[in-house]
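One structure is given here, and the rest of the page talks about it.
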Amino acid sequence: QKEVLQELYETYQKALRLAALSRNVPECEIDDIIQDTFVAFMDKYGDKFPGWNMAQRKGMLMKILRNRCNDYFRRLKRHEEISIDAEDSSTEAEILRNKNEKDVGNGVIEEEELKRIRESILSMTPALREVAILHMIEGRPREQVCQILNISDARCRMRISRIRRRIMKLLKD
């Protein structure tokens, strides 16, 4: 089945990439969406599609991609109300002090560090920013973050790791 998936990917990934770009999906998110598209396709149609012609395969992949893109924008819109504006810095500082000492690597976060962390989170891709807000600022468990964002646990752990590395590097500099 791995070879079949590889062949599908090589045949259709360029077309899916162009379709995602045309839907205004940020380039940094396209690979995740395409991967989800192929995984969903194989889960649903893995044993059925070998008899399909190319147009049927491509049509179903495009339909799944369209749905994944719509899901992405829905999640993005749903999390727009979560704000980490400067106005709420005292609340953020308290949350970060109480819940994320281990994430940041020290017990006391100075206001300057908080400002740099806030700017770093705001500059992250939407996917990383969502995880940072839900897991690291709001303190939600990883399982709940996975459910809210509809992502796998492995992908969530990877994003948390990237966020932590970015914040640790920021604090070292």
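The values are calculated or read from the model by the stated rules, or taken from the named source; none is laboratory data. Treat the numbers as computed from the prediction; the structure is a model and nothing was measured. Virtual Cβ from ideal backbone geometry, glycine too; neighbours counted across all protein chains shown. Note: accessible area is taken over every heavy atom of the protein model, side chains too, but ligands, DNA and RNA are not part of it. Shrake-Rupley method; radii C 1.70, N 1.55, O 1.52, S 1.80 Å.
Cβ-Cβ contacts under 9 Å between residues 6 or more apart (or on different chains), taken from a first residue in the stretch 152-167 that is farther than 20 Å from A40 by Cβ to a second residue that is hydrophobic (A, V, I, L, M, F, W, C) and outside any helix (DSSP H, G or I), are listed as R162/M124; I163/M124; R166/M124. Being charged (D, E, K, R) and modelled with pLDDT of 80 or more holds for only one residue in R78, R165, and it is R165. Where helices (runs of 4 or more DSSP H) sit wholly within the stretch 107-167, none has at least 3 residues that are in contact with a Leu (Cβ under 8 Å, 6 or more places away or on another chain) and surrounded by fewer than 18 Cβ atoms within 10 Å (Cβ to Cβ). Selection of the stretch 1-51 for residues being of a type in the set (A, V, I, L, M) and open to solvent by 90 Å² or more (accessible area, probe 1.4 Å) yields only L18. Would it be correct to say that F41 is of a type in the set (F, W, Y), closer than 27 Å to L128 by Cβ and in contact with a helix residue (DSSP H, G or I) (Cβ under 9 Å, 6 or more places away or on another chain)? Criteria met by F41.
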